[in-house]
Amino acid sequence: MDTVCSETWAIKASDAKRITAAEMKYMRRKAGYTWADFYFYNSSYVCGHKLFDAHTRTNKITEQVNLFNSLGNMISYEGELDINNKLNTFLKITGNLNNVFRPQKALKKTIIKLYNTLALPVLLHGSETWTFKASDDRRITAAEMKYTRRTAGYTWTDYKTNVQVTKELKITPILDELLEYKRSWIQHANRMPRNRLPRVMKHYCPTGRRNHGRTLKRLLDM
């Protein structure tokens, strides 16, 4: 589209709709979608790569991206990527702590204090909005016990359960911490004014009726 001298246009609501319709007519055909497919209007989501979308309210050009890092939290249309990033960082930090502060040469009290100060906040930051699966619970527990068992002086062949190890070290399991974070966030959302977006989304109830049978499986659930 030729956008020469578009800076001087006086855009109306009807003009914005016509421009968006002309843009999406080309973008949807390029991406292989029809008007019957349920996708958002913005061209970046349809085409799957970085594009630019004009916002008529501010008259500015805003870049549309699929991945966005907000205050250390990864936001994506493609799924829950923040858990993977935080878990990888957590494993790196605990690995460095194990290499530097070995249980044979350092006090357990010191190692646990470093763990609560350096490793745990990195993993729990932004965890209030995570959508968990059973596989994520197992991965988080495995990463936690990989560090705590070595700190307690046990190996995987020792007959010690995860509950016994955490009680011996006097630490709270990470999954319990995550649940407490979620409860605190829900209570915080309930105290917000009624017009605040988090509270509106929390109490939102979709309209319509579901089809009979189970929900369709996604590719990630296969």
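Brief remarks on what is shown
- Phi-based couplings in Hz for the range 99-113 (Karplus 6.51, -1.76, 1.60; Gly and Pro marked x): 6, 8, 9, 6, x, 6, 10, 10, 6, 4, 4, 5, 5, 5, 5
- Over the range 80-184 - Rg/Rh using Cα atoms and the Kirkwood inverse-distance radius: 0.95
- Checking the Cα-Cα distances for 17/86; 86/113; 105/182; 105/170; 146/182 against a 30 Å cut-off, the pairs over it are 17/86; 105/182.
None of the figures in this text is laboratory data; all of them are computed from the coordinates on show. Keep in mind it's a predicted model, so treat the numbers as computed, not measured.
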